[in-house]
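As structure tokens, the structure follows; a few thoughts come after it.
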Protein chains: 2
Amino acid sequence: MPAIRIVLCRPSHPGNIGAAARAMKTMGLADLRLVAPTRAPLPKDEWMATHGADVLAAARTHATLVEALADCAAAFALTARPREWSPQVLDVRAAAQNAAAFAEPVAFVFGSEDAGLTNEELFACQTLVHIPADPANSSLNLAQAVQVVCYELRMAQGAVVPAMRAEKAATVADREGLYAHLEEAARASGFMAPGSKLRERWRRLFSRVPDLEREEVNILRGLLKSLLKK
Amino acid sequence: MPAIRIVLCRPSHPGNIGAAARAMKTMGLADLRLVAPTRAPLPKDEWMATHGADVLAAARTHATLVEALADCAAAFALTARPREWSPQVLDVRAAAQNAAAFAEPVAFVFGSEDAGLTNEELFACQTLVHIPADPANSSLNLAQAVQVVCYELRMAQGAVVPAMRAEKAATVADREGLYAHLEEAARASGFMAPGSKLRERWRRLFSRVPDLEREEVNILRGLLKSLLKK
């Protein structure tokens with residue numbers, strides 16, 4: 001994975017820089033740049049940064065976008081409304097996968113909350129990035145757009161769901177033991193009528209639990225055993 | 001696509017309900033429910049809702065999560081820390097794809113900013129949903145988590161990048177005409193040395209523009225023509 005840089009051009013609303021820093025932090029990113037911010041980070045930013053306060057504190061400021069991108073091999077510009085003359089436009093998922101293929105630093109560039117990116121800034125980037133949205137309401141809050149981008153960048157690294165406690169999986173033999181036990185219980189209790197489809201029904205039910213655990217089979221069989229004893 | 005419901009359990013921080021409403025609105029969702037909110041929506045919520053003010057205004061309040069989910073066929077609970085005993089855990093992408101397969105209403109359930117979901121609330125849901133994040137900083141802001149979920153739900157509907165102006169694509173014949181013209185120019189100007197690899201080089205360059213447009217070919221050939229005339 002390359003070094004990923006998040007660049008905010010002329011952010012203005014209090015809290016947004018901090019919320020963007022927090023969004024980056026949750027996805028393991030740390031390189032935040034501000035281009036010509038209209039104000040220094042405010043207390044509101046610090047409050048919104050929460051655990052991303054270190055990202056906010058380390059943010060560097062640049063006079064122009066070109067300066068902020070100088071050492072980057074690729075720059076991706078977020079825009080809700082791709083222009084006619086624009087370079088290639090990718091959705092954010094494809095852009096993140098594309099970015100992940102670089103060895104050199106790569107930047108994702110966000111415009112100001114009100115005016116977006118200028119034409120000059122768009123031209124400093126090689127790719128426009130679109131976050132699919134309702135065309136009638138396509139304007140995401142700045143920090144929320146940063147969150148979606150950072151999330152997709154993490155997904156592009158092959159993020160996985162953290163492993164759960166390693167439960168012993170039920171084997172086919174465990175399952176067959178359960179089915180036989182169910183059938184025994186159904187016959188013994190008179191619940192299984194001639195021609196009954198019960199056997200198919202519970203196979204169908206448990207087939208939809210592909211990660212069935214041995215302990216779960218044991219619990220069900222324990223219950224059956226206890227019922228049959230009575 | 002089923003009707004998707006976003007359920008916030010005991011939201012407390014000012015602005016979060018509004019920002020969640022805005023996040024929903026950007027992705028075309030409208031059914032917001034609040035479970036036992038610790039406060040009525042505040043002006044800060046309305047301000048943060050921006051274009052999602054109608055979603056916020058239409059939000060219904062319920063005393064319990066089970067009541068909010070009563071008519072849903074499936075409920076997905078967001079959690080940063082899947083519990084040992086938890087039902088199946090999916091990442092948010094898989095969960096959104098799973099949810100899209102239902103015909104009946106489906107809910108995504110979010111806990112309070114500070115305490116998350118109670119055990120009882122988790123058990124009212126059939127699936128836990130994990131947003132991949134840096135394990136050391138996995139706590140997304142509530143509205144940002146809502147944004148990522150709504151984004152993935154939209155992607156699961158097969159969201160596409162809006163079509164650009166339909167430019168006429170360059171045909172193979174257009175490309176060959178360009179290559180021939182470049183070679184003519186290179187020979188005429190003495191730039192093409194014997195054994196030169198130039199022909200391969202410009203083919204390689206333009207092969208990396210798979211969506212080359214006829215007009216772009218015409219512009220380049222116009223320039224060559226103009227240079228050759230001099």
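Considering only segment A:38-51, state which residues are surrounded by 15 or more Cβ atoms within 10 Å (Cβ to Cβ), within 12 Å of A:G15 (Cβ to Cβ) and not hydrophobic (A, V, I, L, M, F, W, C). Once the filter is applied, which keeps residues that are surrounded by 15 or more Cβ atoms within 10 Å (Cβ to Cβ), within 12 Å of A:G15 (Cβ to Cβ) and not hydrophobic (A, V, I, L, M, F, W, C), segment A:38-51 yields A:P41, A:K44, A:D45, A:E46, A:T50. The criterion of being within 14 Å of another protein chain (Cβ to nearest Cβ), within 24 Å of A:A145 (Cα to Cα), part of a loop (DSSP other than H, G, I, E, B) and among the aliphatic types (A, V, I, L, M) does not hold for B:L56. In the set (1) surrounded by 11 or more Cβ atoms within 10 Å (Cβ to Cβ); (2) over 28 Å from B:Q88 (Cα atoms), A:G195 fails one condition alone, (1).
Between B:L128, B:L142, B:L122, B:L153, the distinction of being touching a residue at least 24 places away in the same chain (Cβ under 8 Å), facing another protein chain (nearest Cβ under 10 Å) and in contact with a strand residue (DSSP E or B) (Cβ under 9 Å, 6 or more places away or on another chain) belongs to B:L128 only.
Selection over segment A:86-113 of residues that are in contact with a Ser or Thr (Cβ under 7 Å, 6 or more places away or on another chain) and in a loop (DSSP other than H, G, I, E, B) gives a count of 3. Scanning segment A:93-139 for residues that are surrounded by fewer than 19 Cβ atoms within 10 Å (Cβ to Cβ), out of contact with any Phe, Trp or Tyr (no Cβ under 9 Å at 6 or more places or on another chain), within 17 Å of A:L29 (Cβ to Cβ) and not small (G, A, S) gives A:Q97, A:F102, A:E104, A:P105. Determine, yes or no, whether A:A68 is within 21 Å of A:H130 (Cα to Cα) and modelled with pLDDT of 90 or more. No, not satisfied. Looking at A:L142, A:L65, A:L90, just one residue is farther than 19 Å from A:A21 by Cα, assigned by TED's automatic domain parsing to the domain that holds A:L8 and either surrounded by fewer than 20 Cβ atoms within 10 Å (Cβ to Cβ) or of a type outside the set (D, E, K, R) (or both), and that residue is A:L90.
Looking at segment B:200-209, can you tell me whether even one residue there is in contact (Cβ under 8 Å) with a residue 12 or more places away in the chain, out of contact with any Gly (no Cβ under 9 Å at 6 or more places or on another chain) and aliphatic (A, V, I, L, M)? Steps first, please.
Just the residues of segment B:200-209 that are in contact (Cβ under 8 Å) with a residue 12 or more places away in the chain, to begin with: B:202-203, B:206.
This time we only want the ones that are out of contact with any Gly (no Cβ under 9 Å at 6 or more places or on another chain), so: B:202-203, B:206.
Okay, now just the ones that are also aliphatic (A, V, I, L, M), so none.
Within segment B:200-209 (the criterion being in contact (Cβ under 8 Å) with a residue 12 or more places away in the chain, out of contact with any Gly (no Cβ under 9 Å at 6 or more places or on another chain) and aliphatic (A, V, I, L, M)), the answer is no, since none of the residues qualifies.
Considered as a group, the residues in segment B:8-30 that are more than 14 Å from every other protein chain (Cβ to nearest Cβ) and more than 21 Å from A:K44 (Cα to Cα) include one that is surrounded by the most Cβ atoms within 10 Å (Cβ to Cβ), and that residue is B:L8.
Give the number of residues within segment B:22-37 that are in a loop (DSSP other than H, G, I, E, B) and closer than 15 Å to B:Q144 by Cβ.
Within segment B:22-37, the first condition is being in a loop (DSSP other than H, G, I, E, B), and the residues that meet it are B:27-30, B:36-37.
Narrowing the set further to residues that are closer than 15 Å to B:Q144 by Cβ leaves B:27.
Looking only at that region, the number is 1.
Scoring A:D54 on the criteria (1) at pLDDT below 90; (2) surrounded by fewer than 18 Cβ atoms within 10 Å (Cβ to Cβ); (3) of a type in the set (D, E, K, R) leaves a single failure, condition (1). Just one of the numbered conditions (1) hydrophobic (A, V, I, L, M, F, W, C); (2) assigned to a loop (DSSP other than H, G, I, E, B); (3) closer than 27 Å to A:P135 by Cβ; (4) more than 12 Å from chain B (Cβ to nearest Cβ) is not true of A:A40: (3). On the stretch given as segment A:202-230, residues that are at pLDDT 85 or above, among the basic types (K, R) and loosely packed, with under 12 Cβ neighbours inside 10 Å total 1.
The values are calculated or read from the model by the stated rules, or taken from the named source; none is laboratory data. Quantities reported herein were computed from a predicted structural model and do not represent experimental measurements. We place every Cβ from the backbone using ideal geometry, glycine too, and count neighbours over all the protein chains shown.
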